[in-house]
Structure formats: structure tokens, C-alpha cells
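Have a look at the structure below before the remarks.
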Amino acid sequence: MNPKRKKRLMIVLFIVAGVGVSVGLTLYALSQNINLFYSPTQIAKGEAPLNTRIRAGGMVVEGSVKRDPKSLKVEFAVTDFENSVPIVYSGILPDLFREGQGIVAQGEMDAEGKLQAVEVLAKHDENYMPPEVAEALEKAGKMPKPQGQEFNK
Amino acid sequence: MIPELGTYALTLALCLSVLLAVIPLIGAQAGNLLWISFSRPLATGVFAFTAISFVILTHAFLVNDFSVSYVANNSNTALPWFYRISAVWGGHEGSLLLWVLTLAGWTVAVAWKSRDLPADILGRVMGVMGIVLTGFMMFVLFTSSPFERLLPNAPVQGADLNPLLQDIGLIIHPPMLYMGYVGFSVAFAFAIAALLSGRLDAAWARWSRPWTNVAWAFLTLGIALGSWWAYYELGWGGWWFWDPVENASLMPWLVGTALVHSLAVTEKRGVFKSWTVLLAIFAFSLSLLGTFLVRSGVLTSVHAFASDPERGFFLLMFLAITVGGSLLLYSFRASEVKSESSFSLVSRETMLLVNNVLLTVICFTVLLGTLYPLFVDAMGLGKLSVGPPYFNALTMPVGALLMFFLGIGAVTRWRRQDLGSLLKQLIAPIILAVVLGVGTLSFRTEGATVWTYVGVILAYWLLLMALTDMLNRVRRRGSSVWENLRKLPRSYYGMQFAHLGVAVLAVGIAMVSAFDEQRDLRMAPGDKETVGNYTFIFEGAKHFEGPNYTSDIGTLRVFYKGEPYDVMYPEKRLYTARGIVMTEAALDPGLFRDLYVALGEELENGAWAIRLQFKPYVRWLWLGGLMMTFGGLLAATDPRYRKQARREQKKMEAARA
């Protein structure tokens, strides 16, 4: 091989190695940081892993919100109208959090079957439902009608 | 009747866009100057009619014409007039009309500002802009017309603008962001024109540069404004969430930043040509991808308000045609491109190459993290989301590397430089930066991580290298320092400003990530809490009535080291039309720290859930963004571009005569 080709080959090999390593690291980082979504029914069936960060969501069950009178601890249940899962959260709930509203919570399942949430998300549009929740509700055949005002043609 | 005129004007604009897409291109291909000369009036016509339809929609909002479906869904008689104007782009349809208006604005600006451009290039640029315009006009008219009526049952009252959008940040954030997004279409058009004509030379880069700089500056400003708005209006004090829609705007910015630098190399040295073209194509494609992600509703995001598969499909097709077509053209033409010079390993060219590679790598990782959940979902493998730790883990080291090389690049010469002389210049600043950085942070080590040190040290590093470069330039020759400073071109100062903006941004990120303090509390009237040197006393909340909302306003007395300092009034609003609750945080902004108080929900006996936050250096984030914006605009307005173009035209005329 002449020196010029050799140099080129080295460069190509170098680039391939660099790209390989960075793609590998990226995929590893990605695999460490994905949070899977589980519907209340899936959780009830025991599909959700313990002590792993997951996302769960559904409609907040009417009358289920219980507050601790001393702190910001709050407990409530979300449902896909088939099953429901209790969620424990300590902190300030989002503005749109209310009973009957679709929410998504991130956290870990504990041994008692409660989701210890570190984050509760509700979207800023009363007709908007997180796609995961909508799909879970549709699967269970319990999709509610939108309640907010919307004008259609 | 008037809204129908809006549709009519938009339809006319579409017709003119089709002509703009066809006539100048054919003219350029056939060398017919008359046909090319149609591009200016056509571009003006497209802009005028789009503007008319935009004004008509604005008018419908101002007079509360609720027979127009879009107005009924996004406005209300109780809405103040300025929010009625910003409501024009508060929803999907109007927002796209603004998109198209911005695109038409850029087109007409290029048409009238580029008198010095050779006719065939102008014709091709205009033709490409016309094609893009046609695509988006069709999108608006066929899938998202804002003028659809609700007749005969027009409502008496509108649904109101989403309260989240009733804010000064939302009046200016979307137009700025769109200016940037859409502005990359100009860089794209220039790139395609160059490919079509086969004239990929330094002149091409010079024409394209000011436009790309302006677009990049607006995109920077738009992103910074979005972050600022999220911080006080939505984020409970967060400033970047790695939300897919944020990522959608960050990706074109990253590639755009690479493009701005790569264009500089192409112009100055005649190398990286095909790479630059590819970046221009990708910057615009990513803008389109961003529009698709935001507008198709495939994302779970604060921005995802409604979904409509038809719209998503249209945009996806448009994206596929644009990317596919331009890459096809690229693959035919790129092999003909020859570099005009060479460079050695130690040179500014290499440094800028490293800059490009690193920026592309960041963009790729962001793209992967953003699209991966969509991909998995589409394959039916489950629902998942990618968390911020992924993005932080990858962008921080690469970003740090980028800053390190940016410092070196600033003092490296074009073409080649002796490694020894370069290293000699680097050693002192490296040591000094480490000493200064560690020294600065020694006042406060609690909470600092390795990345805090890296960020602050690199910020000093950038500052020192900028000064070194200035000194190198000023010391040259015999003339006085002042004279030399004045002789430096405007684009040089633009560059320095933007690079110092990076340093300021890095300080902001490092400090606020390490030292911010947050308390979520249950506070009854009289309760006291101390955060840092500040003590907050809650005095209860009272009820008030606003124009289209009712609110509870809390009162907190703030003491600084025991002395009375401020009174803060965080607010909780209930927007009556939609029944939406909004948090209006109380802020005490400062250059070195923000105090941030937000009301959560009311608990029993007058107690409230309250979030108290101490945010050091958070303003530096947006200050850095503003400096970059300013730098970009400064560089774009360098008189050099105009002078050079005029000189070239004279040369061409002389050659012709």
C-alpha cells in the first residue's frame, strides 16, 4: 500500500472507531434513561417492575385525593376505569391537577403496590390528554368525552 | 365577508408562490433575464397578499368575530386587546399563518436586498423560496385554514386564549423563533441554488453568510425567550426541560451554529464546501422536522395542544420531498466540488472542523433521544420517555470539549501554525483559568460538582483566550492600540460578543445547576422559612378579581440577613372562561441571583403550599443568549459584505463590456 492510501485508511479506521465508540456510549446512556409507561391495568397485573423509574398515568379517581394535614404529602389514585393504582407524592401538584383529570406520574413502585412519585405532570389544556393515558383509556374502552369548551365546525 | 377575503388573499398568495417557484427557475436555467426579473414583483406580491390575510385575521380577533372558528376557540371578549393580537398566533392555524408570513417576509427581503447578486443565482434562490412557500401555503389552505366559519351557529362568547399564552413572553417568543426557523430556508435556498448552478465558491458563501447569521441570531433569541418564559410562567423555576419541543428548536440551532462557522471557512479559505452545503440542507430540514414534531401532535409535550393525523402526514411528505430532493441533487453535484486550498493539522480550519464535528455530535444525540420514543411507539414496542439525565450526560462533556477547542480556535491561524508557538500561547491562560475558576468557587463548595468547576474554568478560559486574541491583533504593527481596535472589522466584534455569550451562558448553567435552592413548604400565615441569607414570612393570601380571571394573591415579607428587604406577591389565577388555574410566580430578579416564590394550592385554615427558590446567576443564561444574538446581528451587518458584492459586480460589468 502506498503511504497516501495508508494514511487515508488510518483516517477512515479512526473515524469508524470514533463513531462506533460514541454510538455505543450514546445507546448505553439511552438505555439507562428510558422510562417505560404502564397503565393501571398493567400495574395491577404485576407487569411493572419494582424500584425502577417508570411512568404511570390515568384519570385521577374522584374523591381519592387525601392530604396529610402536616406536610405536603398527598395520596391519590389514578384509574383507566378497569383498575386503579395508588400514587404517593410529596410536593406541589401542578395547576391542572384535579379529580377527574388525566395525569402522568413518574416514580417507582414500592413493595405495597403504591407508586412513589417524584413528579406529577398534568397538561395545560383541559381537553388535552397525555397520549399514553388516552390510549390506555381507549384500550379499556373507557374514553371520556371532553368536558371543556371547544367549537367545531 | 371579511374573513372570506382573508382566504381569498391567501389563495392569491399561493397562486403567486407557484409562479415564483416556476418562472425564475426556468428563467435561470434558460438564461432568460426577463423571466428572472419576474422574481422581485412576484415575491412582493406573495408577501403583500399574505400580509393582507394576516391583517384580516388580526382584525377578526380585534372585533371579536366569533363566527370564525379559530377566533372562537382562541379569544374572548374579556381578553385585553394586546393578547387578542398575540392570540392570532396562539393556536395551530394562526401560528402557521405567521410561519408563512415570516417566510414571505424573508423571501421579499432577499429579493430586494440582493441587487448585487448575479441574475441566475437570484432566480434560483427565488425559485427555491417559491417552492417552499408553495408547500406551506398549501398546508395552511388545505389542512389548517384559520378562516373557517362557524355558521349559522356562531357563539356569542369565545373559549378564550389558553391562559398560559396570555403573557408578554408569548407575544414575542413565537415570532422570534419563527424568524430563525424560517430564516434557515434562505441558507437552504442559497445552497440549492449553488448546487443547481454548479458555482459553489467563496462568493456563494459570502452571499449566504449575512442571511444565515441573521436567521441564527433570531433562533438564538427565540430559544432564549422561550426558556425565560418557561422559567417564570410555566416551569416553577426550571429553565430547560429537554422537552421534545425544546429539542426540536435546539437541533436546527446546533446545526445552524455549525453552518455559521463552516460558511466562514468556505468563504475565507474555499474548503469544506460540500460539507457547508450539507449543513445548510440539514439546518432547514431540522427546522421542518421541528415544525412536524410540534404541529403533528406526535409528541407528549406542553406544546402539543391538538393532534390531527392529516396535518402530520402532509408535513411528513413535505419533509421527505425536501430532504430527499435536496440530498439527491447533492449526491449528483457534490462530487464536482473541489477544494480551493489545503490546510495542515494545526490550523484554524482544523479547529473549526472540530467545532463542526462536536456540534453535529450533540445534535445527533439530541435527535436520537427525541425520536427514539416515537420510533419505539411506532414499532408498537411500548410507551417510553427519555429522561433529562440522558441529555445531560451526553451534552455536557461534548459541550465542554467544544468550549475548550473554541478557546484554542480563537488564537489559531488560518492554513497552518507551528504547534510550539500555539502551545506557548495556551499554557498561561490554561493555568490562569484553572486558578481563577477554583478560586472563584472556593467561596462556596457545597453543592458544586466536577461540572461546576468545568463550567466556570472554561468560562474563564474563553474570556482569557478572547483577550489573548485581541492583544495579538492590537499589538500588531506600529499604529496605536486604539487605532488598531477601531480597524478591526465589525464581524470580528460580533464573533467576540457571541463567544463571550457562550462563556456567560456556561457560568449561568454551572452556577444555577449547582447552587440553586428549592423548598416546597406548607405555610400557614405567620410561618417563617430561611433560604440562604433570605428569610421569608408568609402573611396569608387574599382574593382579587382580574379582567378575565379571579385570583388569590399571597404576601410574603422577605428579610435579608434580618433586615427588611422586599415584599413578594405570588399569585394563583383562575381563568374563568376555560376554568384553568395558573400560577403567577413572584420574582425578585437580580444579576447574581433571583428570588422565586410560587403559590401551590390552598390547604385548609389559610395555609398554602408554597415553593421558595433561590436561583443564583440564572439571568446569565439569557444574558448569554442575548449576547450571542447581538454578536450574530453585528457580524451580519458588517459593511464588508455589501462592499465586496459591489466590487464583484463592477468586475463582472467590466468583463462584459
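What to note about this one:
- Tensor-based shape of the stretch B:104-175 (alpha-carbon gyration tensor, a/c under 1.5 rounded, otherwise prolate or oblate): oblate
- Global form of the stretch B:462-542, assessed from the alpha-carbon gyration tensor, a/c cut-off 1.5: prolate
- Alpha-carbon Rg with Dmax, taken over the protein assembly as shown, Å: 28.1, 90
- Cubic angstrom per residue, convex hull over Cα atoms of the stretch B:387-530: 189
- Going from the chain on its own to the full set of protein chains, the stretch A:26-43 has these residues losing 20 Å² or more of accessible surface (heavy atoms, 1.4 Å probe, no ligands, DNA or RNA): A:Thr26, A:Ala29, A:Leu30, A:Asn33, A:Ile34, A:Asn35, A:Leu36, A:Phe37.
- In plain terms, if you count all Cα to Cα distances in the stretch B:202-282 and split them into 10 Å steps from zero, the share in each step is 19, 40, 23, 14, 4 percent.
- Taking amide H as placed 1.01 Å from N in the peptide plane, the amide H of B:Trp414 sits under 5 Å from that of B:Arg348, each at least 5 places away or on another chain.
- From largest to smallest, the equivalent ellipsoid semi-axes obtained for the stretch B:124-226 from the alpha-carbon gyration tensor read 36, 21, 6 Å.
- Over the C-alpha trace of the stretch B:334-414, radius of gyration and Dmax come out as 17.9, 53 angstrom.
- Scalar couplings 3J(HN,Hα) for the stretch B:194-204, obtained by applying the Karplus form with A = 6.51, B = -1.76, C = 1.60 to θ = phi - 60°, are 5, 5, 4, 7, x, 10, 8, 10, 4, 4, 4 Hz; x denotes Gly and Pro.
- Kirkwood Rh, angstrom, the stretch B:1-92 [1 / mean 1/r, Cα pairs]: 14.8
- More than 19 Å apart - percent of Cα-Cα pairs taken over the stretch A:1-128: 58
- Computed from backbone phi with θ = phi - 60° and the Karplus coefficients 6.51, -1.76 and 1.60, the 3J(HN,Hα) list for the stretch B:516-528 is 6, 10, 9, 10, 9, 10, 9, 10, 9, x, x, 5, 10 Hz; x is used for glycine and proline.
- For the stretch B:493-504, Karplus couplings with θ = phi - 60° (6.51, -1.76, 1.60), whole Hz, Gly/Pro x: 5, x, 4, 4, 4, 5, 5, 5, x, 4, 4, 4
- Shielding by partners for peptide A:89-102, expressed as the average number of C-beta atoms from other protein chains within 10 Å of each residue's C-beta, is 4.
- Max-minus-min Cα coordinates of chain B on each principal axis give 88, 75, 54 Å, with the largest extent listed first.
- Alpha-carbon centroids, the stretch B:269-286 and the stretch B:636-657: separation in whole Å: 24
- Sulfur and carbon atoms: percent of accessible area, the protein assembly as shown [1.4 Å]: 64
- Excluding ligands, DNA and RNA and using a 1.4 Å probe, chains B and A jointly bury around 3600 Å² of accessible surface, summed across both partners.
- Accessible surface, the protein assembly as shown, averaged per residue in Å² (probe 1.4 Å): 44
- Backbone amide hydrogens, once placed in the peptide plane, bring A:Val78 within less than 5 Å of A:Val61, A:Val85, A:Ile87, excluding anything fewer than 5 places away on its chain.
- Shielding value for B:377-390 is 5, the average number of Cβ atoms from other chains within 10 Å of each residue's Cβ.
- Positions from the stretch B:67-89 whose accessible area shrinks by 50 Å² or more when the full protein complex is built, not the chain alone, probe 1.4 Å: B:Asn73
- Loop sites here are chymotrypsin sites (Phe, Trp or Tyr not before Pro) outside DSSP states H, G, I, E and B with no more than 16 other Cβ atoms within 10 Å. The longest part of chain B free of them is B:1-413.
- Pairs exceeding 24 Å between alpha-carbon atoms, taken from B:Lys487/B:Lys651; B:Lys268/B:Lys651; B:Lys113/B:Lys643; B:Lys561/B:Lys615: B:Lys487/B:Lys651.
- The stretch B:56-128 versus the stretch A:43-92: alpha-carbon centroid distance in Å: 44
The values are calculated or read from the model by the stated rules, or taken from the named source; none is laboratory data. The structure presented is a predicted model; accordingly, all values stated were derived computationally and were not measured. Don't worry about glycine lacking a Cβ; one is built from the backbone with ideal geometry, like all the others, and counts go over all protein chains shown. Accessible surface areas use protein heavy atoms only, side chains included; no ligands, DNA or RNA. Shrake-Rupley method; radii C 1.70, N 1.55, O 1.52, S 1.80 Å.
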